[in-house]
Amino acid sequence: RLGPYDYWAVAYGYQRFDNVHSSAEELPYLRTIAEQSTHPGLAYGTDEDAAEPAAIDPHIARFDLSNDPLSYDRDMLALNESLAGALNRPYAGDTRSYQEIRASLVTILNNELSAIDLAAHYIGGIYTSRAHRGQPGAGPPFRSISRTEQRRAFELIDRYVFSARAFNYSPELLNELTTTRFGFHWDSGDVRRPDFPLREVVAEIQDDAISTMFSAP
């Protein structure tokens, strides 16, 4: 449904003003609307702000569905870990192939990678503002992230990326993560190892987390 930002943007683009007959006469009214950008609910960031190397503000992120991103990341990581733990558990009417179970784990790992990336941006990150100098309610262009928030992010990454409990999949699950052999001969010709390269995948996720945490803002 429509939110405060939607109504604000529509007002800026389409609102009519009495006794205004030119763009020049309209300008003061538009400036009054634009100055509301510091109000709650009207925060603004673009895709460019969420892409490296400009992605220094963890509040500007894709796939972030909460006003408390670290709690959201924690819940997503816990949920995906739980799903992975039950991934090969049979149920009534279960007709999944080994390849489908492998594909499901890949989806889970991609979800975890997204949550880890969001959390890692808190460590050494900076809150930013697009407000203009002297604008009512405006803060500084850059604001440090509190040590408490950075600690929350680090503890989350430590638990789900670097601890002994991270990626702790059962041998039974790993033994079911084979791939289809169709591609070896008749599909794309992309020859892959039939077992799941867990060590390589985990190392890549850990490398990504370290790279994000230590990249210079």
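Points to keep in mind about this one:
- Exposed loop positions in the chain were taken to be chymotrypsin sites (Phe, Trp or Tyr not before Pro) whose DSSP state is not H, G, I, E or B and which have at most 10 other beta-carbon atoms within 10 angstrom. Between these positions, the longest stretch is 92-185.
- Angle in degrees between helix 4-14 and the longest Cα principal axis of the chain, rounded to the nearest 10: 50 degrees
- Cα long-axis angle, helix 23-34 against the chain (0 to 90 degrees, to the nearest 10): 50 degrees
- Under a model in which nothing but the beta-carbon of Lys, Arg (+1) and Asp, Glu (-1) is charged, the chain shows a dipole of about 340 debye around its Cα centre.
- For region 80-155: accessible area per residue (Å², 1.4 Å): 61 Å²
- Estimated from the Cβ-Cβ distance and a Förster radius of 30 angstrom, the FRET efficiency linking residue 75 and residue 200 is about 0.60.
- Two-site label geometry, residue 12 and residue 159: point separation in nm, points 7 Å out along Cα→Cβ: 3.8 nm
- Computed lengthening from residue 82 to residue 43, 0.36 nm per intervening residue step minus Cα-Cα distance: 10.6 nm
- The value of relative contact order for the chain, using C-alpha pairs under 8 Å at least six residues apart, is 21 percent.
- For the pair residue 110 and residue 52, label points projected 7 Å from Cα toward Cβ lie 1.9 nm apart.
- With the simple spin-label model, which puts each label point 7 Å out from Cα in the Cβ direction, the residue 2 to residue 94 separation comes to 4.9 nm.
- With R₀ fixed at 30 Å, the C-beta to C-beta distance from residue 25 to residue 135 puts the FRET efficiency at about 0.85.
- Here the translational diffusion coefficient of region 47-144 follows from Stokes-Einstein with Rh set to the Kirkwood radius across Cα pairs; for 20 °C and 1.002 mPa s it amounts to 134 µm²/s.
- Relative contact order of region 75-170, defined on C-alpha pairs under 8 angstrom at six or more residues apart (%): 28 percent
- Between 0 and 90 degrees, the angle of helix 198-214 with respect to the longest Cα principal axis of the chain falls at about 20 degrees.
- Prolate/oblate/rounded call for region 1-89, Cα gyration tensor, a/c under 1.5 rounded: prolate
The values are calculated or read from the model by the stated rules, or taken from the named source; none is laboratory data. Only a predicted model underlies this, so the values are computations on that prediction, with no experimental measurement involved. As a convention, Cβ positions derive from the backbone with ideal geometry for all residues, glycine included, and neighbour counts pool all protein chains shown. Heads up: the accessible areas ignore ligands, DNA and RNA and are worked out on the full protein's heavy atoms, side chains in. Shrake-Rupley method; radii C 1.70, N 1.55, O 1.52, S 1.80 Å.
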